[in-house]
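Here the structure comes first, spelled out in structure tokens, and everything after it is commentary.
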Amino acid sequence: MSPSAAHAKYSELLQLVRQRNLLGSTASVLGWDQETMMPAGGLEHRSNQLAQLAGMCHQMMVDPTIGELLSACEADPNLTADPASPSAVNLREIRREYILATKLPQSLVEELARTATVSRSQWVEARKANDYARFEPWLTRIIELTRRKAECFGWPPEGEAWDAVADLFEPGMTARSVAAVFTPLRQQLIDLVGRVVATGKKPVSPLTKLKFPVDQQAAFVRQVAEAIGFDFHRGRLDISAHPFSSGFHPTDVRLTTRYDPADVGEALYGVLHEAGHGIYDQGLPVEHAGTPRGDAVSLAIHESQSRTWENLIGRSEAFWRWCLPRLKAAVKGAGRLTSRAVWAGVNVVQPSLIRTEADEATYNLHIMIRFELERPLMSGDLAAKDLPEAWNARYKEYLGIDVPNDAQGCMQDIHWSQGAIGYFPTYALGNLYAAQFFEQARAEMSDLDEQIAAGSFAPFRGWLNRKIHCLGMTYRSADLCRHVTGRELSADPLLRYLEQKLSRLYPI
Ligand code: CO
């Protein structure tokens with residue numbers, strides 16, 4: 001085939017993919033609307049709309065024309081010779097999506113979707129009633145179907161069923177690669193947390209002592225999001241029960257948060273987190289929008305960006321030197337606060353029951369527990385009926401906590417109820433990538449702290465943009481990590497960061 005013929009096929013392929021993604025981003029608008037604006041009565045119609053669009057997207061992706069165009073393009077070295085070129089990146093990722101979409105029979109897709117909807121509502125009721133027995137048969141069913149899904153995709157002989165479904169969330173992630181990072185980290189975190197707890201020091205966040213009306217909080221957190229670089233000309237911030245971020249396109253990115261009148265930290269850290277996701281989506285290359293080259297790498301890399309702004313920046317002493325005067329201007333009664341006291345208050349380490357409320361030092365232990373249970377659930381070595389006992393034993397062993405009931409134990413998260421098995425580790429990997437990227441940024445920008453304390457966030461944001469955002473999916477996460485830091489992903493930067501910060505806050 002002549003180069004021009006191959007290029008024509010490549011353009012045709014991209015056009016089909018762009019059409020599919022246009023429809024997909026339309027569904028995302030409806031998803032955002034459902035969480036923020038839609039009246040409760042609209043739920044059934046909205047489910048029908050979303051199911052219709054999901055079906056259409058799936059049909060467009062399994063179109064045999066895509067398979068033919070892919071094969072023709074892959075045969076042309078001009079398009080694939082440089083693996084980091086936009087064409088090679090797009091062909092690699094479209095091929096992956098095509099394989100995943102065509103390997104799953106429509107009947108299984110539908111059965112999973114139906115079961116997940118019922119299972120999710122059973123989980124809501126069972127959690128409310130603290131009745132694990134009611135949820136257990138649904139979890140068993142979900143695991144069976146997820147196992148069938150894994151078998152459709154298959155896994156290499158040295159791998160396991162978990163790998164096949166985890167790969168959907170994080171391309172290339174395997175249980176073995178996750179365990180290689182988690183296993184050494186686990187004991188070191190348990191030791192670190194143990195040393196902090198042994199000091200008996202329990203600072204209280206001064207932020208919880210402010211009377212901060214919700215409308216004033218909203219103006220304040222918007223100001224912070226704007227200052228760190230979230231562009232409100234190409235984005236919005238609204239309210240939802242569960243905060244999230246949704247990027248339809250680099251020119252339209254939606255954030256949500258929730259407000260607690262008794263604790264501005266809820267909205268502030270929620271917005272820093274979601275704005276971190278949003279800044280990534282706004283920084284993706286607009287000229288490649290709708291193709292993999294213009295898309296985010298993975299869930300873990302996305303989470304690394306949210307955690308960077310929420311924790312590495314937002315829980316730093318330098319950030320509070322900048323932020324506190326703004327807080328004092330925004331709310332009465334903050335006049336006596338010191339940046340040191342607020343900084344200590346937002347870095348309290350305390351083993352706790354609930355993952356979403358966990359601090360930086362204990363958070364990854366919550367994830368490891370879920371990871372260590374997902375693997376045997378998927379392999380069949382752990383039955384759903386034995387989950388609570390296994391869960392509670394690990395909370396005792398790793399966090400020193402007695403789990404009082406299953407609602408606050410193994411039923412606390414929504415993920416498994418809707419079939420998201422293999423998802424949790426992406427949160428912890430996000431924390432690890434964030435720490436490793438940040439250590440590298442520090443090495444390259446010697447005055448980073450001074451810039452943050454001065455409210456000059458643009459240079460660091462520019463660094464993230466050049467090193468990560470503008471590359472889209474050029475590199476898979478493990479390769480991106482090597483590209484940005486020159487090293488494999490490791491838990492050491494996170495441990496160094498936690499040791500350094502906590503040793504200034506606690507006599508450890
Ligand atoms: Co997030």
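The values are calculated or read from the model by the stated rules, or taken from the named source; none is laboratory data. Source: prediction; values computed, not measured. Because the Cβ atoms are built from the backbone with ideal geometry, glycine has one as well, and the counts that use them run over all protein chains shown.
In summary, Arg336 fulfils each of the numbered conditions (1) closer than 22 Å to Lys211 by Cβ; (2) within 16 Å of the ligand (Cβ to nearest atom) with the single exception of condition (2). Pairs linking a residue in region 260-276 that is at negative phi to a residue that is within 11 Å of the ligand (Cβ to nearest atom) and of a type in the set (Asp, Glu), with Cβ atoms under 8 Å and 6 or more positions apart or on different chains, are Tyr269/Glu310; Leu272/Glu310; His273/Glu310; Gly276/Glu310. Whether any residue in region 244-259 is within 16 Å of the ligand (Cβ to nearest atom) and more than 17 Å from Glu35 (Cα to Cα) is what I want to check. No, the conditions are met nowhere in region 244-259.
The set of residues in region 409-446 that are assigned to a loop (DSSP other than H, G, I, E, B), free of Cβ contacts under 8 Å to residues at least 60 places away in the same chain and either among the aliphatic types (A, V, I, L, M) or in contact with a helix residue (DSSP H, G or I) (Cβ under 9 Å, 6 or more places away or on another chain) (or both) comprises Gly409, Asp413, Phe424, Met445.
Regarding Gly419, is this residue buried (at least 16 other Cβ atoms within 10 Å of the Cβ), modelled with pLDDT under 95 and not charged (D, E, K, R)? Spelling it out, Gly419 is indeed buried (at least 16 other Cβ atoms within 10 Å of the Cβ), modelled with pLDDT under 95 and not charged (D, E, K, R).
Pairs are defined by a Cβ separation below 6 Å, a sequence spacing of at least 6 or placement on different chains, a first member in region 483-508 that is part of a helix (DSSP H, G or I), and a second member that is small (Gly, Ala, Ser) and modelled with pLDDT of 95 or more; the pairs so defined are Pro493/Ala435; Leu494/Ala435; Tyr497/Ala435; Leu498/Ala361; Leu505/Ala344. For region 427-453, the set of residues classified as out of contact with any Pro (no Cβ under 7 Å at 6 or more places or on another chain), farther than 13 Å from Ile313 by Cβ and more than 16 Å from the ligand (Cβ to nearest atom) consists of Gln440, Ala443, Glu444, Ser446, Asp447, Glu450, listed by residue number.
When the residues of region 291-333 are filtered to those that are touching a helix residue (DSSP H, G or I) at 6+ places or on another chain (Cβ under 6 Å) and of a type in the set (Lys, Arg), the one that is farthest from the ligand (Cβ to nearest atom) is Arg321. Residues that are basic (Lys, Arg), in contact with an Asp or Glu (Cβ under 8 Å, 6 or more places away or on another chain) and exposed (fewer than 14 other Cβ atoms within 10 Å of the Cβ) number at least 1 in the following helices (runs of 4 or more DSSP H) confined to region 108-210: 175-198. Does any residue of region 354-375 turn out to be modelled with pLDDT under 95, in a helix (DSSP H, G or I), within 16 Å of the ligand (Cβ to nearest atom) and charged (D, E, K, R)? The answer is yes; a qualifying residue exists. Pairs linking a residue in region 229-248 that is without any contact (Cβ under 8 Å) to a residue 24 or more places away in the chain to a residue that is away from the ligand (no atom under 15 Å from the Cβ) and part of a loop (DSSP other than H, G, I, E, B), with Cβ atoms under 9 Å and 6 or more positions apart or on different chains, are His233/Thr251. Being aliphatic (A, V, I, L, M) and over 29 Å from the mean Cα position of the chain (by Cα) is the filter here, so list the residues in region 33-84 that pass it. Selection gives Ile66, Leu69, Leu70, Ala72, Ala75, Leu79, Ala81.
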